[in-house]
Amino acid sequence: MNKKQEEKLKGGLNALLGEGTRQEAPEQEQHEQREDLMETVKDEELRELLEKKRKKDLGRPRKDTKHLSRTEGYERMTTIVNTEKMEKLKAIALKETKTIKEVMEEVMDLAIEAYEKKHGPIRIRKNENKNKGLFK
């Protein structure tokens, strides 16, 4: 076995045995950040509301309840945003006890309303081929 292989093996064993530097899992890091944010909230009532909202849908749904899709009538979207603006958006959501999705929806409603006021109603073209398969 050469030195590189020995070092790789040693690093792998150290990671398994918990020796050396440990990197936190992203979920753990996010949880700690959320806890830090919660510590900055001074108002006890607001803190309780935030905690209640966070715990609302935790856990596996009961067998006898109908599964309601959280995304029914919505589409998923991925975008790149300015870091500073995103932090401000998160702060607004935290302060208003809303999700980022809810805040973004309000922002989009305001933008669409302003645009339609200036340029008239926007007509939406229905995409009839959207739900058809490639070969149908």
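The values are calculated or read from the model by the stated rules, or taken from the named source; none is laboratory data. Remember, it's a predicted structure, so these values are computed and weren't measured experimentally. So basically every Cβ, Gly included, is an ideal-geometry build from the backbone, and we count neighbours across all protein chains shown.
Brief remarks on what is shown
- Pairing each residue of segment 107-136 that is part of a loop (DSSP other than H, G, I, E, B) and modelled with pLDDT under 95 with any residue that is of a type outside the set (A, V, I, L, M, F, W, C) and surrounded by 10 or more Cβ atoms within 10 Å (Cβ to Cβ), provided the two are 6+ apart or on different chains, yields C-beta distances under 8 Å for Ile122/Tyr115; Ile122/Glu116.
- Residue within segment 73-82 that is outside any helix (DSSP H, G or I) and modelled with pLDDT under 75 present: no
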